[in-house]
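Comments concern the structure below.
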Amino acid sequence: MTMDSSTTDDPLPSDLEDHLSPSGDRTLEDYLAMQDAIGDRTRFLVVYLLANDDPRTSAQLADRVGVRANTLHYHLNKLEDVGLVRKRREAVNGTDVRDTHYEATDAGREILEHGVVRLIRRTDDSPDGSDS
């Protein structure tokens, strides 16, 4: 019988433990969930747009990404659950009416800059697409 190495009880290599948050507010599983979430094209585009622009409503995001509103809400909920975006309510033109706006979190910006975007830039710099 083989053991599943993906269980959360497995010890982490010490170099990984050293990089995890000293306060313990995020686990390896939290970071893996972020990576999994950003691995979807629609969610990547949402975080990319929010990280590079002002906060947006879900309707604005749906138009920019090209998906239906209910589909976008599914993706926004996933991104919010893992901590890559947050929502906030803003007054509309000084009234009591409030719109929900979404913005990228610091973690959302970081995963873009040090993850997919960095990889795109790195492979784009070499003529043959290699990373060396």
Self-check item: Subset of segment 99-114 (residues that are of a type in the set (Val, Ile, Thr) and within 12 Å of Val85 (Cα to Cα))
Solution: Thr105, Ile111
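For Arg68, are the conditions met, namely being touching a helix residue (DSSP H, G or I) at 6+ places or on another chain (Cβ under 9 Å) and touching a residue at least 40 places away in the same chain (Cβ under 8 Å)? Let's see the steps before the verdict.
Numbers: touching a helix residue (DSSP H, G or I) at 6+ places or on another chain (Cβ under 9 Å): yes; touching a residue at least 40 places away in the same chain (Cβ under 8 Å): no.
No; evaluated as a whole, the condition is false for this residue.
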Quiz item: Do you know which of the residues in segment 98-119 that are modelled with pLDDT of 85 or more, assigned to a helix (DSSP H, G or I) and of a type outside the set (Asp, Glu) is farthest from Asp54 (Cα to Cα)?
Solution: Ile111
Self-check item: Whichever residue in segment 61-79 is crowded, with 17+ Cβ neighbours inside 10 Å and not basic (Lys, Arg) and, among such residues, is farthest from Ala107 (Cα to Cα)
Solution: Val67
Quiz item: Tell me, which residue of segment 85-97 that is more than 17 Å from Arg43 (Cα to Cα) and not hydrophobic (A, V, I, L, M, F, W, C) is modelled with the lowest pLDDT?
Solution: Asp96
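The values are calculated or read from the model by the stated rules, or taken from the named source; none is laboratory data. For clarity, every value in this text was computed on a predicted model and none was experimentally measured. Using ideal geometry, Cβ is built from the backbone for each residue, glycine included, and neighbour counts are taken over all protein chains shown.
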